[in-house]
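Working notes, structure below.
A short reminder: the numbers here are calculations on the coordinates, not readings from a lab. Just so we're clear, the structure is a prediction, and the values are computed from it rather than from any experiment. Please note: Cβ atoms are built from the backbone with ideal geometry, for glycine as well, and neighbour counts cover all protein chains shown.
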Amino acid sequence: MARRAKGQGTIRKRKDGRWEGWFNIGKDESGKVKRISVTAKTKTECQEKLKTAQEKYSEEQKILATHNYLTESDPTLETWYEIWIDAFCRGVIKEYTVKTYENKFKLYILPEFGKMRLSEISTVACQQFLVNLLNNGRIRNREKKGASLSHDTVKGIRRTLNVCLEKAVDEGILSKNPCSKVKLPTGQKPEMKTMKKEELGAFLEETKRCGCYEFYYLELSTGMRLGEICALEWTDLDVNKKTISVNKSARKLNGEIIITTPKTKSSNRTIRINDDLVDLLLAMKERQIESKYIFPSPDTGGIRDMPAVTRRLHRIQDRAGLPRIRFHDLRHTFATLTLEAGVDVKTVSQMLGHTDAGFTMNTYMHVTDDMQKNAADKMKAIIENADKGDNVINFPA
C-alpha cells in the first residue's frame, strides 16, 4: 500500500490491477469511518482523480460553512432544501431543472414535510405522501381534471425529494435516505394518442390553409420535441447533406422563453430529411420575414411562443374535424407510423433522441410486438420452405 502525506489520502494497487485512492471525511452516527474513494487504471490517473475529488469536497465544505447550517446537526427539511437548492443546484444544473425542483418543493413537498426534522422523515411517511398525491394531490384544475395527480407527476415529485435527501446523506447530515426505498404507487397511464394514417390528409390540408404546412411536415417527418423545433435556426439546416441539426431547445422559464441545451446527451443529434422537405423549407425562407429562426414568431420574428403553437394546433384539429391530441402526440405519431412502416427500432430511437433503443421499444411496445410477430412469420416461412427443399423463399406480405 502506498501511503501519502497527511491530508493527501491513501493510494493502493488492487488485486485486479486497478489503482484505488481514498480519503476519510469523518464518522457516521454509529462511529463507522466515512470515506470518499476513486479508482483508475494507472497510478497517475488515480492520483489526479483523488486530487479532484478532494478539491470538490473541500469546495462543498466551504459552501456549507458559508451558509452556517452545519451548526444545526438535524435541520428541518425546509432549511436543508434552501441550502441544497442554492448551493448544490443553482448554477450547477440547468436553470429549468432548478425551477422544476423549486416548484415541486413549494407546491407539494414543503407543505407536507417542511417543518419536520430530517431525522423525523420516515420511509412510511414518504410512501403515504406519494399515495395521497396520486389519489388526491391535484392543486389546480381539480374541477376539470379531478383530484388525482398523474403517475408521471408523482414520479417527478418522488425523484426530486429523493435527490434532495440523498445529498443530505452525502454531506453526513442523514445516515440514510428514507425516500430511496419508497415504491412508487402504480397509476394507470393514459392511453397513447396518435394521429391515424387516414387522418393525415385532412390534417395536412388544413395546415396548408393556415400557412403552417412546413412546420407540421417537418414535425411528422422527424418527431422532434416542440422546444427543439421552435429553437431551430437556419444554420441548423444543411441543404447539401439534407440534414437538420438538433443542438438546442426552447423552454419557458418564469414567463419567458429561453434557449437551453437539449433534454439529454442523446437529444443532441442530426436528422436526415427528404428532398421535398428541403425544397419546402427553402421556398418558405424566400417568403419569410428576416429571422435567424426557421419558424419564428409571426409578430416579432423572434422565438415562437410554444403555448400558442398548441392552441393553434387544437384549432387546426377542430377545423379538420379531427380529435384533439397534444403536440407531443405528433411525436408519438411519427414513431408509431415509422415503426409500422418497417423502420428498425434503433434508427427510430436515434431520430427521436432517446437514450437507448430499449426505451423506444418499451414506449411503443404495441408496435414492436407486431414487428416481432411479422419477423416470426417470416422465419416460419423460411423454415417451412427449407423443410420442403424449396430454394425459392416467398415471404408473407
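What is the set of long-range amide H partners of residue 269 at a cut-off below 5 Å, with H atoms built 1.01 Å from backbone N?
When sequence neighbours closer than 5 places are left aside, the close amide H contacts are 246.
Viscosity 0.692 mPa s, temperature 37 °C: Stokes-Einstein D of the stretch 77-170 from its Kirkwood Cα radius, in µm² per second? Mind dumping the intermediate values first?
Numbers: Rh = 13.9 Å.
Reported coefficient: 237 µm²/s.
I need the shape label for the stretch 197-326. Rule: rounded when a/c is under 1.5, else prolate if a/b > b/c, else oblate, with a, b, c from the alpha carbon gyration tensor. Could you put the intermediate results ahead of the total?
Working: a/c = 1.42, a/b = 1.17, b/c = 1.21.
Since a/c stays below 1.5, the shape of the stretch 197-326 is classed as rounded.
Show me 347-357, 40-50 ranked by packing, highest mean number of other Cβ atoms within 10 Å first.
347-357, 40-50
For the stretch 345-362, in order, what is each residue's ³J(HN,Hα) by Karplus, 6.51 cos²θ - 1.76 cosθ + 1.60 with θ = phi - 60°, in whole Hz (x at glycine and Pro)?
Karplus values, whole Hz, x for Gly and Pro: 4, 4, 5, 4, 4, 5, 5, 6, x, 6, 5, 8, 5, x, 5, 4, 4, 5.
Gain in length, residue 145 to residue 34, computed as 0.36 nm per residue apart minus the alpha-carbon separation, to one decimal in nm?
On the way: separation 111, 0.36 × 111 = 39.96 nm, distance 4.80 nm.
Length gained between residue 145 and residue 34: 35.2 nm.
Can you tell me the orientation of helix 151-170 relative to the chain, as the angle in degrees between its alpha-carbon axis and the longest Cα principal axis, to the nearest 10?
30
Report, in cubic angstrom per residue, the convex hull volume of the C-alpha atoms of the stretch 249-366. Walk me through the numbers on the way to the answer.
Details: hull volume 18.6 nm³, N = 118.
Looking at the stretch 249-366, the number lands at 157 Å³ per residue.
Using the 2.2 N^0.38 Å rule of thumb for compact globular proteins, work out how the stretch 158-233 stacks up: its C-alpha Rg over that value, please. Before the final figure, lay out each step's value.
Working: Rg = 22.3 Å, N = 76, 2.2 N^0.38 = 11.4 Å.
Normalised Rg, Cα atoms only: 1.95.
Just order 53-59, 241-247 by mean Cβ neighbour count inside 10 Å, highest at the front, would you? If you can, show how the numbers build up before the last one.
Working: 53-59: 12.9, 241-247: 17.1.
Descending packing order for the listed peptides: 241-247, 53-59.
Label residue 208 and residue 239 with points 7 Å out from Cα along Cα→Cβ: what is the distance between them in nm?
2.4
Over the chain, what lengths in whole Å, largest first, do the semi-axes of the equivalent ellipsoid take, defined as the square roots of 5 times the eigenvalues of the alpha-carbon gyration tensor?
46, 30, 25
In the stretch 77-170, if the dipole is taken from +1 on Lys/Arg beta carbons and -1 on Asp/Glu beta carbons about the Cα centre, which of 169, 105, 148 is farthest to the positive end?
So the residue furthest toward the plus end is 148.
State which entries of 94/155; 155/181; 15/49; 196/292; 197/265; 144/208 exceed 23 angstrom in Cα-Cα distance in the structure shown. Walk me through the intermediate numbers first.
Numbers: 94/155 20 Å; 155/181 13 Å; 15/49 20 Å; 196/292 34 Å; 197/265 31 Å; 144/208 33 Å.
Over 23 Å apart, Cα to Cα: 196/292; 197/265; 144/208.
Simple spin-label model, 7 Å along Cα-to-Cβ: residue 384 to residue 314 in nm?
5.1
Could you rank the peptides 119-128, 219-228 by their average count of other C-beta atoms within 10 Å per residue, with the highest value first?
Numbers: 119-128: 15.6, 219-228: 22.4.
For the peptides 119-128, 219-228, the packing ranking is 219-228, 119-128.
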